[in-house]
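Below is one structure, written out as structure tokens; comments come after it.
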Amino acid sequence: MLQTRSGKRTAPAAVKIAVDMEGEGLIDKEAAIMRIEPAQIDQLLHPMFDGSELAAAEKLTKGLPASPGAATGKIYFTASDAEAAVVNGEKVILVRLETSPEDLAGMVAAEGILTARGGMTSHAAVVARGMGKCCVSGCSEIKVDEGNKELTIGNHVFKEGDYISLDGTAGDVLKGKVKTVPPELSGDFGKIISWADEIRTLKVRTNADNPRDAKQAVEFGAEGIGLCRTEHMFFEEERIPAVRRMILADNEEERREALKFLLPYQKSDFKGIYEAMGERPVTIRLLDPPLHEFLPHTDVEIRELSKQINVPYENLAKKTEELHEFNPMLGHRGCRLAVTYPEIAEMQAEAIIRAAIEVRAEKGLDIIPEIMIPLVGLRTELADVKKTVIKVVDQVMADVGAKFDYLVGTMIEIPRAALTADEIAKEAEFFSFGTNDLTQMTFGFSRDDTGKIIKEYREKGIFDDDPFQSIDQVGVGKLVEMAVELGRQTRPNIKLGICGEHGGEPKSIDFCHRVGLQYVSCSPFRVPIARLSAAQAVIRNR
Ligand code: PEP
Ligand code: MG
């Protein structure tokens, strides 16, 4: 034999070949598992382009492959225009400079999302992956003029209503309409995944913040929620005025008044999530983003809001200015919010526990909430917020005569927390590695502003992989390993998981297996990839 080559095959073909060969006794189950490329599984779960139409399509530019699948539709430049067009029966691609939580409804309505800025862990990328929606982010060669509703790519100018197509698996932007074909899930795939489940030792949880995503993840085999972000819920129409009242409050009393209004909403959010997950563990994170994300940014929006909530324009503009941060990821966010405004953490802790009490009573489910405190760097700041949380939980339990277990833990996402994990573990019952922020802070690369640089670094061979996609095992990984070891020194049974986006990426999952984490948590559509990758990690590292 002089030479062999791997036969090129689509994902459905790869799965069928592997299962048939096992059935014929040519290979065993482990070999069958190793023959599937985890990244290919995307083809089984998302629409893809029709092969011949794709071959004929004109490729305009490339961005980051932020969320897999294919989408085609008419361009709209704002979330509200996108929503309105979808109501009129159109298929839409939402094009933005970058997205923020305010754009959520437009993102839900759109077929796909294209952004000029942002990396693999930018808002657009993370949210789109959560929804299983195609997204190309950090597409630095496009010019988005949101005011004039114009998209320029090279010498092509697209107006609102023109068609473009996105390949979120490759990161390509294509001209015009390109036909998509729906995903194909066969029984053979179920077989491979169940073989993987017999082998893997890592548990697979999901990152989900609403019952719809949670149910989807359970269908894909998620064994719990590793990260429920609580910020998206705050943007819903009925709540955002109260959130803004809370932010604009001049004193604690006014803030508490606004929070009182939000409490029943948060409680029902958590009830919905507990119910969708049954008795599977659910980790709910206290509020993390900087508060200015909840306020309007342009002058027109500030004027509009000032009329709506009856606050003088000057006061509102001043407060917005005060809250503005140049680097929104390193200022007044994470546990710093709970240290400075404990009443926010109190409301959230109360909602988490009351929801658990009600679901336990109504559905007879043994819910054990896991309350997660974000962005901790010091044992003392974790202790401070934990005290606030425990005080509320004890009080609520005493009021209703309930008694059940709950956990309070933290994210390890600041390098100092990893370096002092033995200290942090004195307070934390679990660690969840927030490798998005940990990567950002270890490299000093802003997760929203470095997409273009990382692309060049990869082209020049400085990086083999984008560290926001595949964990940097040498640097960031060293911090993770160190924190695992130090955390266990203090608390041998500490629960250890990862909830950064790396939790759904095959090479990073192999790393998590090797360092001895107990679970990975990833967006719902990556759960099957994680199940397969976790089994491959066992086989590969034996
Ligand atoms: C992280 O930092 O890895 C994380 C999961 O949190 P977020 O992406 O919400 O900052
Ligand atoms: Mg984080």
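The values are calculated or read from the model by the stated rules, or taken from the named source; none is laboratory data. Quick caveat: nothing in here was measured; it's all calculated off a predicted structure. Cβ sites come from the backbone with ideal geometry, for glycine too, and all protein chains shown count toward neighbours. For the accessible areas, the whole protein counts, side chains as well, though only heavy atoms, and no ligand, DNA or RNA atoms are used. Shrake-Rupley method; radii C 1.70, N 1.55, O 1.52, S 1.80 Å.
Rg/Rh for region 206-280 (Cα atoms only, Rh after Kirkwood) is 1.09.
When nucleic acids and ligands are ignored and a 1.4 Å probe is applied, L97 ends up with an accessible area of around 60 Å².
To the nearest 0.05, what FRET efficiency results for L263 and S52 with a Förster distance of 56 Å applied to their C-beta separation? Each step should come with its number before you reach the end.
Working: r = 55 Å, r/R0 = 0.99.
Calculated value: 0.50.
Of the solvent-accessible surface of the chain, computed with a 1.4 Å probe and all protein chains present, 50% belongs to carbon and sulfur. Taking Lys and Arg as +1 and Asp and Glu as -1, the other residues whose beta-carbon sits under 9 Å from that of S523 total 0. Of the chymotrypsin sites (Phe, Trp or Tyr not before Pro) found in region 262-354, those that fall in a DSSP loop while having at most 10 other beta-carbon atoms within 10 Å are F326.
Loop only per DSSP, at most 10 neighbouring Cβ atoms within 10 Å: give me the GluC sites (Glu not before Pro) in region 153-240, ordered by residue number.
Numbers: sites: E160, E184, E198, E219, E223, E231, E236, E237, E238; in loops: E160, E184, E223, E231, E236, E237, E238.
Counting only loop positions with at most 10 other Cβ atoms within 10 Å, the GluC sites (Glu not before Pro) in region 153-240 are E237, E238.
Only helices enter this figure: runs of n ≥ 4 DSSP H residues, each worth -39500 (n - 2.57), summed and divided by the residues of the chain, yield -14000 deg cm²/dmol at 222 nm to the nearest 500. Over the chain, accessible surface divided per residue gives 42 Å², non-protein components excluded, 1.4 Å probe. Here the calculated FRET efficiency for A398 and S186, from their Cβ-Cβ distance with R0 = 56 Å, stands at 0.55, rounded to the nearest 0.05. Loop-located trypsin sites (Lys or Arg not before Pro) in region 390-428 (DSSP state not H, G, I, E or B) with no more than 15 neighbouring Cβ atoms inside 10 Å: K403, K426. Using the Stokes-Einstein relation with a Kirkwood hydrodynamic radius computed over Cα pairs, the translational diffusion coefficient of the chain at 20 °C and a viscosity of 1.002 mPa s comes to 88 µm²/s.
Quick one: length gained pulling E219 to E160 fully straight, 0.36 nm per residue minus the C-alpha distance? Each step should come with its number before you reach the end.
Numbers: separation 59, 0.36 × 59 = 21.24 nm, distance 3.68 nm.
Between E219 and E160, full extension yields 17.6 nm more.
Placing a label point 7 Å from the Cα of E314 along the Cα-to-Cβ direction, no residue of region 207-248 has a backbone N closer than 18 Å. In the chain, the DSSP beta bridges split such that about 40 percent are antiparallel, to the nearest 5. Note on T298 and N327: the extension gain reaches 8.7 nm, defined as 0.36 nm multiplied by sequence separation minus the Cα-Cα distance. Each label point was placed 7 Å from the Cα along the Cα-to-Cβ direction; for K387 and D20 their separation is 6.7 nm.
Taking the inverse of the average 1/r across all pairs of different Cα atoms in region 119-198, what Kirkwood radius in Å do you get?
Values: mean 1/r = 0.0647 Å⁻¹.
Final number for the Kirkwood radius of region 119-198 is 15.5 Å.
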